[in-house]
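Working notes for the structure below.
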Amino acid sequence: MDQPTMFKPYRAAADIDVLPSYFPIPGMGILPINAFLLKAAEPVLVDTGLVLLSDGYIEALSSVIDPADLRWLWLTHCDQDHVGSLHRLLKLAPQMRVVTTFIGVGKMSLFAPLPMDRVYLLNPGQSLSVGDRTLMAVKPPTYDAPETTGFLDTKSRAFFSADCFGALMSEPVENAADIRPEDLRDGMVTWATVDAPWLHLTDGIRFAQSLGRIRALEPKVILSAHLPAVHGSGDELLDHLAAVLAAEPFVGPDQPALEAMMAKMAAK
Ligand SMILES: [Fe+2]
Ligand SMILES: [Fe+2]
């Protein structure tokens, strides 16, 4: 795969569809970029994909719900891989309110104003009722933006973890159990060094406590923006994250490395 590509939606749990895409990173593999549809009594969309793939994203979403029926958009954070179709959706889904934080609204307003009557501010520790269930806002243990807020769906016990638990991969799959365990560990550790470089400065005991808070939620499904669905408690993912503190910090390719990469691609 050498282009960002939208894939067909797949089901991760009874009420949850994944809207997957993949983004190739030269020399490093592919990064999954997922949005989700939670078919609650008041339907919740989680994130809006890449701006590059907006047409494919709207098409994939429309295959699992009429966007006009959406009631909530849970924006995990405002990075470009999560807000790509936000303003199209505000038009397509007139009843939909955007769940984010004060910082999230501020950051989105730098790009285009978000109408305040379409916003719903929610902080980690607070909850949102979506008709047949409550969503509990949770700060994931790793993140790359201060507004990041994941959540636990208290009905399915799916934990939507934003960028946390992401991994670089070699090929698309719909279930993280289909990734070889050592590839999953290496891909997760590399991703975490890229996405949360501050982990190397973090106190190990306090970080272990933050991992323990996720374990205590007793999730049954882990839904990361950057990993295929994980069925189970995700204990092994927490162990992989604990290993990141001792991993080599990520340093990106420099100019000579970029030129070598481009020469190699041109020779293909
Ligand atoms: Fe991010
Ligand atoms: Fe992301």
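The values are calculated or read from the model by the stated rules, or taken from the named source; none is laboratory data. The shown structure was predicted, so the numbers you read here are calculated from the model rather than taken from an experiment. Note that each Cβ is placed from the backbone with ideal geometry, even for glycine, and that neighbours are counted across all protein chains shown. Each accessible area value is taken on the protein alone, full model and side chains, heavy atoms only, with ligands, DNA and RNA left out. Shrake-Rupley method; radii C 1.70, N 1.55, O 1.52, S 1.80 Å.
Among M108, M28, the sequence by solvent-accessible area, most first, with a 1.4 Å probe is M28, M108.
When the residues T190, T100 are ordered by accessible surface, computed with a 1.4 Å probe over the protein chains alone, the sequence from largest down reads T190, T100. With all protein chains in place and ligands, DNA and RNA left out, the 1.4 Å accessible area ranks K107, K268, K220 as K268, K220, K107, largest first. Ligands, DNA and RNA aside, F207 has an accessible area near 10 Å² when probed at 1.4 Å. The heavy atoms of E248 present about 150 square angstrom of accessible area, all protein chains included, probe 1.4 Å. Among the lysines of region 5-266, pairs that are 8 or more positions apart or on different chains and have alpha carbons within less than 30 Å of each other number 17.
Across region 5-266, Cα pairs under 8 Å and at least six residues apart give a relative contact order of 16 percent.
Among the chymotrypsin sites (Phe, Trp or Tyr not before Pro) found in region 78-132, not one is both in a DSSP coil and sparsely packed, with 10 or fewer other Cβ atoms within 10 Å of its Cβ. Counting only heavy atoms of the protein chains and using a 1.4 Å probe, D66 has close to 90 Å² of accessible surface.
Stretched out straight at 0.36 nm per residue, the stretch from L110 to K264 would grow longer than its current Cα-Cα span by 51.6 nm. For region 157-166, backbone phi angles converted through the Karplus equation (6.51, -1.76, 1.60; θ = phi - 60°) give residue-by-residue couplings of 6, 7, 9, 8, 9, 6, 6, 4, 6, x Hz, Gly and Pro being listed as x.
Quick one: what do you get for the chain if you divide its Cα Rg by 2.2 N^0.38 Å?
Values: Rg = 18.1 Å, N = 268, 2.2 N^0.38 = 18.4 Å.
Expressed relative to 2.2 N^0.38 Å, the Cα Rg reads 0.98.
Other residues whose C-beta falls under 15 angstrom from the C-beta of L89 contribute a net charge of 0, scoring Lys and Arg +1 and Asp and Glu -1.
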